[in-house]
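First up is the structure itself, then whatever we jot down about it.
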Amino acid sequence: MRKRYLLLIVTLVFGLALMAVDRYTQELVPFQTDSSVREADYYGEGLFSRQYGASGSLDQTFMAARSIHYPQEQRTEFSGPILTSTDDDGKQWQVTALQGEIQDNDHLLYLIGDVEIRPVSDNAMIIQTPALVYNSDTRIAETSDPVTITSPQIRVNATGMTMDLDRQRIEFRSEVTTHYVP
Amino acid sequence: LPDDWQQEMTIVSDRAEIDRKTGIGVYEGNVILTQGTLKIEASRLTLIRNDDKLEKAVAEGQPARYQQQMAADKPLTRAQGKRIDYFATQREVRVKGSARLEQEGNLFTGDLLTYDMTAETISASGGQAATSSAETSSGDGETSPGRIRMVIQPQSSSDNSEKAGEAQ
């Protein structure tokens, strides 16, 4: 009788030990897959890319100090992205930020940190916001963050903006204060 | 005041759209424009600028309101109507639709009022007689459709004696 009880206790302890080991290994696995997901498959220094329009004229250029691509996430991160685009009148505009991000095969460039839009040739205007999404296909920039526009004669503060770089149209979504200095 | 147009202009609104190529800005939602003593309130304001100078402002509202002090020693001139066109360069204000203009105690109502700040003249027209319901101007006076109404304050006796003294 006593032998049977002894055997039962040993089996119970053995089963509990097995369950503990199983739980421990489960916790380990996600940690391992997490670090492999973050693994980049290429690093770039001094990225420079050009995009031409249907007529063969240079439409946009994109530069970045560093770029890192994560295959599992299908995403590329940029440091110091600089995008230069030409509007309908042939005027060049530059969009800069601290960081940028784009999904593979996507047109939406997410810019984060001290985002600025300004004309290349003069200081006619500068648009500043903390973050911005730029569609390189439609050339429309959008943000829902506070925006400041400064030019020699005009100062605008608003929250949320949509800017059509080609047609040079800017729409402010709310809380708009405009100052015109004669 | 004459130098209002040299002051900084501020426009506060809920939304706005600026077309940098045409220089046209459209402001919507609780729009308030201030520049010196000039103040315009509207639900929609369209600003047309030329070489970075204000050329014309079109205010629409239920009603749109305008006020400005023409001279340091004069009270505010006020106007309201469904649409107010403010021509900055010509220094002219055109008020249309249940138009009402008050200046130095005088009251003008009608369908279309035009105030020339340089010549200091006000012209009023009754517009088309309203075919459907009678259109009456807001405020105390009754204006039957297609008619204008002016209330001119008599000059006070002190003005008259001053004038008489000057004449001798």
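The table for this structure:
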| quantity | calculated |
| --- | --- |
| Failed criterion for A:G90 (all others in (1) in a strand (DSSP E or B); (2) within 14 Å of chain B (Cβ to nearest Cβ); (3) open to solvent by less than 60 Å² (accessible area, probe 1.4 Å) hold) | (1) |
| Some residue of the range B:68-75 being open to solvent by 50 Å² or more (accessible area, probe 1.4 Å) and within 11 Å of another protein chain (Cβ to nearest Cβ) | no |
| The range A:155-182, residues that are more than 26 Å from A:N105 (Cβ to Cβ), open to solvent by 10 Å² or more (accessible area, probe 1.4 Å) and more than 8 Å from chain B (Cβ to nearest Cβ) | A:R155, A:N157, A:T159 |
| Which listed residue, of B:A99, B:A57, is away from chain A (no Cβ under 14 Å), in a strand (DSSP E or B) and within 12 Å of the chain's Cα centre (by Cα) | B:A99 |
| A:R118 of a type outside the set (A, V, I, L, M), within 14 Å of chain B (Cβ to nearest Cβ) and in contact with a Gly (Cβ under 6 Å, 6 or more places away or on another chain) | no |
| In the range B:109-157, residue most open to solvent (accessible area, probe 1.4 Å) [restricted to those that are among the charged types (D, E, K, R) and modelled with pLDDT of 80 or more] | B:E120 |
| Filter result (of a type in the set (A, V, I, L, M, F, W, C) and either more than 7 Å from every other protein chain (Cβ to nearest Cβ) or closer than 17 Å to B:N50 by Cα (or both)) within the range B:1-23 | B:L1, B:W5, B:M9, B:I18 |
| So A:L58, is it of a type in the set (A, V, I, L, M) and touching a Lys or Arg at 6+ places or on another chain (Cβ under 9 Å) | yes |
| For B:N30: the one exception among (1) touching a residue at least 12 places away in the same chain (Cβ under 8 Å); (2) at the interface with chain A (Cβ under 7 Å from one of its Cβ atoms); (3) open to solvent by 70 Å² or more (accessible area, probe 1.4 Å) | (2) |
| The range B:62-83 residues that are in contact (Cβ under 8 Å) with a residue 12 or more places away in the chain, paired with ones that are aromatic (F, W, Y) (beta carbon under 6 Å, 6 or more apart) | B:A79/B:Y66 |
| Test: residue in the range B:19-36 that is under 24 Å from B:N106 (Cα atoms) and touching a helix residue (DSSP H, G or I) at 6+ places or on another chain (Cβ under 7 Å) | yes |
| Considering residues of the range B:34-53 that are within 9 Å of another protein chain (Cβ to nearest Cβ) and of a type outside the set (S, T, N, Q) only, the residue surrounded by the most Cβ atoms within 10 Å (Cβ to Cβ) | B:L47 |
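The values are calculated or read from the model by the stated rules, or taken from the named source; none is laboratory data. Remember, it's a predicted structure, so these values are computed and weren't measured experimentally. No Cβ is skipped: glycine too gets one built from the backbone with ideal geometry, and neighbour counts run over all protein chains shown. The protein model used for the area step is the full one, side chains on, heavy atoms only, and it has no ligands, DNA or RNA in it. Shrake-Rupley method; radii C 1.70, N 1.55, O 1.52, S 1.80 Å.
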